[in-house]
Amino acid sequence: MMQWIMLGSIACLLSTLASPVLLAQANCKRLNPYATDFNSDPRVRRAYREKAVAAFGPKIRDFVESQGEEGVAALFACTKPVAVKLAEFHTSGELANLPRPHDLLRVIAQPQHGDDVALWAIQHANELADADCFDAYLMSPLDYALGLKHLESGAADARARRLHNSAATTTAQPLTQDEKMMLVVGIGFS
């Protein structure tokens, strides 16, 4: 019985080692161009910036240098025409009008987001200048980009959540001496 269990274990081990998919998944050292954590080596960060400029053209240089690793990751998540539009969006100054541009770039860089999220954000930049609309968009960008939700309702939810959280975190301040005296005097005369 033990021999069969041992033989089965060895067979399972050999079948997993022979699978190229599993071996590829085990390669943890492989660099991911969509990842925004490039802090390991400055040479790697510079190489990705240069790779982005080489891939998308010299118009991208200002965008890459000012937006850093988030910008590079967002560019690599998009097709070339959308990446150029994203750089033009930055050059026009509209990206800077958003509450947190780097957060938008991180969302664009997420897998399966890329073009859809970037184009919708570029087309609706005026609406996204409002912090609540921006927060709602960042929570589920594909829902808005694909027309599954309306930004106004999402912004209302984000606003309500923000106001609820700020009310919940506001703590009562201790009473000053004058306020305590007013209470004592007020209660004493009632």
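Points worth noting:
- Condition met for Ala158 (among the aliphatic types (A, V, I, L, M), at pLDDT 80 or above and out of contact with any strand residue (DSSP E or B) (no Cβ under 6 Å at 6 or more places or on another chain)): no
- For region 105-147, filtering for residues that are in a helix (DSSP H, G or I) and touching a residue at least 12 places away in the same chain (Cβ under 8 Å) leaves 30.
- Note on region 53-81: residues that are surrounded by fewer than 21 Cβ atoms within 10 Å (Cβ to Cβ) and hydrophobic (A, V, I, L, M, F, W, C) amount to 4.
- First in region 69-93 and free of Cβ contacts under 8 Å to residues at least 40 places away in the same chain, second anywhere and assigned to a helix (DSSP H, G or I) and among the small types (Gly, Ala, Ser), Cβ under 6 Å, 6 or more apart: Val72/Ala52; Leu75/Ala52; Leu75/Ala83; Val82/Ala118; Leu86/Ala118
- Scanning region 52-74 for any residue that is among the hydroxyl-bearing types (Ser, Thr, Tyr), at pLDDT 90 or above, out of contact with any Lys or Arg (no Cβ under 9 Å at 6 or more places or on another chain) and not in a helix (DSSP H, G or I) turns up nothing.
- Restricting region 148-164 to residues that are of a type in the set (Lys, Arg) and free of Cβ contacts under 8 Å to residues at least 24 places away in the same chain, the residue that is surrounded by the fewest Cβ atoms within 10 Å (Cβ to Cβ) is Arg161.
The values are calculated or read from the model by the stated rules, or taken from the named source; none is laboratory data. All values derive from a computational prediction rather than experimental measurement. Every residue, glycine as well, gets a Cβ built from its backbone with ideal geometry; the counts of neighbours run over all protein chains shown.
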